[in-house]
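Input: a single structure, listed below in structure tokens.
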């Protein structure tokens, strides 16, 4: 999976895949296609039972279910820096 898998008429970008134990993997994506992890796992006939997102870009997700928080100025600035070269981002967002 780390080299790319055929998904939705394309090949996924390379990503980091680490096997944690017999049934668990840590996957760090570099793109975010719809249901990408589930679809990548279908290709070699793996069954996804549970997914846990722990980070989105530079934002670690450590809040309890149903809770929220404001992003810090540092987090917002870092997001702006990370997406500044994206062709799918409007300049007016940051």
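The values are calculated or read from the model by the stated rules, or taken from the named source; none is laboratory data. All of these numbers come straight from a predicted model, not from anything done at the bench. So basically every Cβ, Gly included, is an ideal-geometry build from the backbone, and we count neighbours across all protein chains shown.
Just to be sure, is residue 59 within 12 Å of the chain's Cα centre (by Cα), farther than 21 Å from residue 8 by Cβ and in contact (Cβ under 8 Å) with a residue 12 or more places away in the chain? Give the steps one after another, and end with the answer.
Details: within 12 Å of the chain's Cα centre (by Cα): yes; farther than 21 Å from residue 8 by Cβ: yes; in contact (Cβ under 8 Å) with a residue 12 or more places away in the chain: yes.
So residue 59 fits the description; yes.
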Top-ranked residue in segment 24-33 [being exposed (fewer than 13 other Cβ atoms within 10 Å of the Cβ) and modelled with pLDDT of 90 or more; ranked as nearest to residue 82 (Cα to Cα)]: 28
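Please verify whether segment 64-80 includes one or more residues that are part of a loop (DSSP other than H, G, I, E, B) and within 26 Å of residue 23 (Cβ to Cβ).
The answer is yes, given that some residue of segment 64-80 is part of a loop (DSSP other than H, G, I, E, B) and within 26 Å of residue 23 (Cβ to Cβ).
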Subset of segment 19-46 (residues that are free of Cβ contacts under 8 Å to residues at least 12 places away in the same chain and in contact with a strand residue (DSSP E or B) (Cβ under 8 Å, 6 or more places away or on another chain)): 19, 20, 25, 26
Filter pass, residue 14 being under 15 Å from the mean Cα position of the chain (by Cα) and in a strand (DSSP E or B): no
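Can we say residue 75 is assigned by TED's automatic domain parsing to the domain that holds residue 13, without any contact (Cβ under 8 Å) to a residue 24 or more places away in the chain and touching a strand residue (DSSP E or B) at 6+ places or on another chain (Cβ under 9 Å)?
no
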Residue list for segment 36-57, restricted to those being surrounded by 13 or more Cβ atoms within 10 Å (Cβ to Cβ) and in a loop (DSSP other than H, G, I, E, B): 46, 48
